[in-house]
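The values are calculated or read from the model by the stated rules, or taken from the named source; none is laboratory data. All of these numbers come straight from a predicted model, not from anything done at the bench. Please note: Cβ atoms are built from the backbone with ideal geometry, for glycine as well, and neighbour counts cover all protein chains shown.
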Amino acid sequence: MMNISHTFLLVMISCTLTSQSQIKWNATKDLAASSFGNNHPRIVLNGDESPVVVWGRDSDASLHSSYWDGNKFAVPTKLNQNITVATASWMGPDIASHGDTIYIVMKQTPENNSNSGIFLTSSFDGGKSFSTLIRIDKIADSLSRFPTVSTDQYGSAIVAFMKFNSSFKDSRWVVSKSTDFGLTFLQDIKASNWFGSEEVCDCCPGVLISEKENCVLLYRDNNKNIRDSWMSVSYNSGKTFSNACNVDNLRWNISSCPSSGPDAIIVNDTVYSVFMSGSGGRTLAYLSKTTLSEAKHIKTSSLLSYFVGLNNQNFPRIAKYGKSAAIVWKQDVSNKLQLPLLYTRNIEEGFPSTYDTVALLNIDNADVALTQNKIFVVWEDFASRTVKYRIGEIQTTTDVLKTNASSKFVIFPSPANDEININGPEKLNYVKITDLQGKIIYQNANQQSNHLSISKLKSGIYYLQCESDNQTYLQKFIKQ
């Protein structure tokens, strides 16, 4: 046998873990009965950091919301009153919160009728009750769709929507601001079609986000079938939009409509946006970094490195709490659907290479929200026809070792055939093996031995995570 330390130096791939975060997931549950529908769920947190969710129902083109009562989600409330609203798995209502002030926007149907407006309803008690509907758009004989809502630094509503002429042409994004907490709205202003682009992607939803006096509209452009994602920036809370840039630069050329839009967060002077693109021949999800003050694109990268079996990804969503961030999306791996999640305690340091799998099969559209110690995920399940949710508790281990050549934690041999030996703490409480995509292959919460059989593993590279009473270790090993 080779000298252990020599084997470690040549073969092992070590990892530096600072405040390694782990997520303990609670059981998956239905938010409400299937009779309430399940289209396009969207989630925010109220002033108590409790979730409030809105979604649509196909059968009667209606809209429902529910709030967390401390133990469960309350019986849903119908919001659309005497109108029907546009809702599908890929688009629908939007929601924003500022403490206990919550706004929900919706598009009346039929969408191709100029009398069908965009409406807003408000809650000032954390989502327990909502106001009568207020029409936002002043569009004369124009048409509108895809409303999205945010708030200014004082909690007043800012709404963006797509606008067309009476023939459903001349597509552009506009923004309308309220100065009285959603009672009235100013005339909309144009916020898209920068640098000679004649139209936007007319079947792709957008998103409006705000941080202090900064307001950013993210949307998919359509510049002669180049359908990249763009951001348009206002530095005065949505009164004017004075800067813009392409946030992905992948130059996806497609004549048909992707029906998928971007999402984003602001952390300090950086806009982190997520979106889907098919520029590489398959539709994949990407993360982009752009400076806010200069509207200058920094970098675009795929959420995951390609691996065998990954067919496609879509509908990425991102949320933040301070500098911590989480991303969820839908992906097809070997013709089976997954709902993955990436989480980082500090987005400025990047995301891990492995993901948590929140759910498997029957997944369509999802959304995410997070607090300092919890992650809330909601999604549309097309088998049960319910909105499902799952809560993850963020568990942080601050006493994690940096594994290196002089570490007392060593796995040998590597490469290995049938068994690996763990040279480390005298007592192991928990071990877990995952593949490079984060899928759990093996775990044992009552590990009695420092010898671990890997005879059933396929050849490849794996992560081994071990926990003792007060420390967590993580290393990669190779199975021959």
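With among the small types (Gly, Ala, Ser), in contact with an Asp or Glu (Cβ under 9 Å, 6 or more places away or on another chain), under 19 Å from Lys239 (Cα atoms) and in contact (Cβ under 8 Å) with a residue 40 or more places away in the chain as the only criterion, which of Ala88, Ala160 stands out?
From the options Ala88, Ala160, the qualifying one is Ala160.
Assess whether Leu304 counts as being of a type in the set (A, V, I, L, M) and farther than 25 Å from Asp94 by Cβ.
Spelling it out, Leu304 is indeed of a type in the set (A, V, I, L, M) and farther than 25 Å from Asp94 by Cβ.
Mind counting the residues in segment 18-65 that are assigned to a loop (DSSP other than H, G, I, E, B) and surrounded by 23 or more Cβ atoms within 10 Å (Cβ to Cβ)?
So the count comes out to 3.
How about segment 352-368: which of its residues are hydrophobic (A, V, I, L, M, F, W, C) and surrounded by fewer than 21 Cβ atoms within 10 Å (Cβ to Cβ)?
The answer is Leu360, Leu361.
For segment 204-242, name all the residues that are of a type in the set (Val, Ile, Thr) and assigned to a strand (DSSP E or B).
Passing the criteria: Val207, Ile209, Val216, Ile226, Val233.
Can you tell me which residue in segment 369-399 is modelled with the lowest pLDDT, limited to those that are out of contact with any Lys or Arg (no Cβ under 9 Å at 6 or more places or on another chain), surrounded by fewer than 19 Cβ atoms within 10 Å (Cβ to Cβ) and in a strand (DSSP E or B)?
Applying the filter and picking the extreme gives Thr397.
Among the residues of segment 277-331, how many are at positive phi and either buried (at least 22 other Cβ atoms within 10 Å of the Cβ) or in contact (Cβ under 8 Å) with a residue 60 or more places away in the chain (or both)?
Of the residues in that region, 2 qualify.
On the given criteria, is Ser273 among the small types (Gly, Ala, Ser), surrounded by 15 or more Cβ atoms within 10 Å (Cβ to Cβ), assigned to a loop (DSSP other than H, G, I, E, B) and at pLDDT 95 or above?
No; evaluated as a whole, the condition is false for this residue.
Pairs, please: C-beta under 8 Å, at least 6 apart or cross-chain, first residue assigned to a loop (DSSP other than H, G, I, E, B) and in segment 180-203, second polar (S, T, N, Q) and exposed (fewer than 13 other Cβ atoms within 10 Å of the Cβ)?
none
Of Ser122, Ser131, which residue is surrounded by fewer than 21 Cβ atoms within 10 Å (Cβ to Cβ) and not in a loop (DSSP other than H, G, I, E, B)?
From the options Ser122, Ser131, the qualifying one is Ser122.
Looking for something under 15 Å from the mean Cα position of the chain (by Cα) and closer than 29 Å to Glu211 by Cα - is there at least one such residue anywhere in segment 331-338?
No, segment 331-338 contains no residue that is under 15 Å from the mean Cα position of the chain (by Cα) and closer than 29 Å to Glu211 by Cα.
Which residue pairs have Cβ atoms closer than 7 Å, lie 6 or more positions apart in sequence or on different chains, and pair a first residue in segment 259-273 that is closer than 10 Å to Gly206 by Cα with a second residue that is assigned to a loop (DSSP other than H, G, I, E, B)?
Matching pairs, first to second residue: Ser260/Trp90; Ser260/Cys204; Gly261/Cys204; Gly261/Pro205; Gly261/Gly206.
Any chance segment 95-110 includes a residue that's of a type in the set (D, E, K, R), surrounded by fewer than 22 Cβ atoms within 10 Å (Cβ to Cβ) and farther than 15 Å from Ile43 by Cα?
Within segment 95-110, none of the residues are of a type in the set (D, E, K, R), surrounded by fewer than 22 Cβ atoms within 10 Å (Cβ to Cβ) and farther than 15 Å from Ile43 by Cα.
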